[in-house]
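Here is the structure we will look at.
The values are calculated or read from the model by the stated rules, or taken from the named source; none is laboratory data. All of these numbers come straight from a predicted model, not from anything done at the bench. When we count neighbours, we look across all protein chains shown, and the Cβ atoms used for this are built from the backbone with ideal geometry, even at glycine. Accessible surface is based on the protein model in full, side chains and every heavy atom, while ligands, DNA and RNA are left aside. Shrake-Rupley method; radii C 1.70, N 1.55, O 1.52, S 1.80 Å.
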Amino acid sequence: MTIPEGRLSDSARARRRAELMEAITSDDRGRRWIAPVAAAAVVAVVGGAAYGVTALRGSGPGEAEPAGSGSGSVGETVASETQAAPTTSAPTEEACESEAPGSARRMMGQSMRQQMADYREQLPVVQGFRDVLAAHLDPRGEHLERKASNVQSSGSACSLTALGTKVGWATPGASGLGMVQVEVSTGGDLTQVHMAHGGWRRLPVDVAGIASAEQVQYDGGFAVQVVRDDGLTVAIDANLLFGNNSLEPIDAFPFGVAELVETAADPALKLP
């Protein structure tokens, strides 16, 4: 919940800030990581559920790197940790279905902790997505960054509806950085990839496991989105410029739309 501070008196604003800090630290007073780290992970809180994009740099579960370190520079929002985040158990079905409305400060504190727990659980999954991309598009291991270091997810603690990652693509001996994004979703046209581009058109395909497909060509890249027989929607975007991490694009990709469709059909791309 966002309360416009301009409508509150100075004393009311001070009280709001104090309540928020109390909510963040009340359950875990000895864990100093919560305020600086979890606050960076929260995108939005609506009715007690967190939505949006979580994008943290890290070399693996439980690890994080400062900006600019490591072999690659993939990430949209960067946070550094000084201590490991505690394990947070997944909410029970009963809690998801019947949790009574609580105070805004309690829900905010829970959301921050849950976002960090979700990131740690999802990073190995999107690493698997990266490995599927490599198997189909870069079998010799020459182009794709070796570690997925960011997570894009949609949904809530009780219902994950989309999960994906962006992986850098470079050409040996040449400058520039491209990007391949993969996203697995239950939401059809609500994928980030689909919403990022206009001009989608139907793509006739005869690939096992795919019910329908679309493609789009845009200035600087191309993308496909398929609806599979298992009910999942998989979108893959190949952009010559990784705009988050580079000012210089690559010249070209050594694959085309057909290879993206084959990749999207891989059953290893699935939600946890």
Original post:
What's the number of the condition M195 fails, among (1) assigned to a loop (DSSP other than H, G, I, E, B); (2) without any contact (Cβ under 8 Å) to a residue 40 or more places away in the chain?
Top reply: (1)
Subject >> The listed residue being open to solvent by less than 20 Å² (accessible area, probe 1.4 Å), farther than 19 Å from G141 by Cα and either touching a strand residue (DSSP E or B) at 6+ places or on another chain (Cβ under 6 Å) or in contact (Cβ under 8 Å) with a residue 40 or more places away in the chain (or both), out of A211, A162 >> reply: A162
**OP:** Return the residue satisfying two criteria in turn: it lies in the range 219-272 and is part of a helix (DSSP H, G or I) and among the small types (G, A, S), and of such residues it is nearest to G199 (Cα to Cα).
**Re:** A258
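Here is a yes/no grid of residues against (1) among the small types (G, A, S); (2) over 19 Å from A238 (Cβ atoms); (3) open to solvent by less than 50 Å² (accessible area, probe 1.4 Å); (4) in a loop (DSSP other than H, G, I, E, B):
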residue: R146; (1), (2), (3), (4): no, no, no, yes
residue: S153; (1), (2), (3), (4): yes, yes, yes, no
residue: G173; (1), (2), (3), (4): yes, yes, no, yes
residue: V184; (1), (2), (3), (4): no, no, yes, no
**OP:** Collect the residues in the range 224-235 that are closer than 22 Å to P254 by Cα and free of Cβ contacts under 8 Å to residues at least 40 places away in the same chain, keeping them in residue-number order.
**Re:** Q225, V226
Original post:
Do we have V216 as surrounded by 18 or more Cβ atoms within 10 Å (Cβ to Cβ) and either within 23 Å of T161 (Cα to Cα) or hydrophobic (A, V, I, L, M, F, W, C) (or both) here?
Top reply: yes
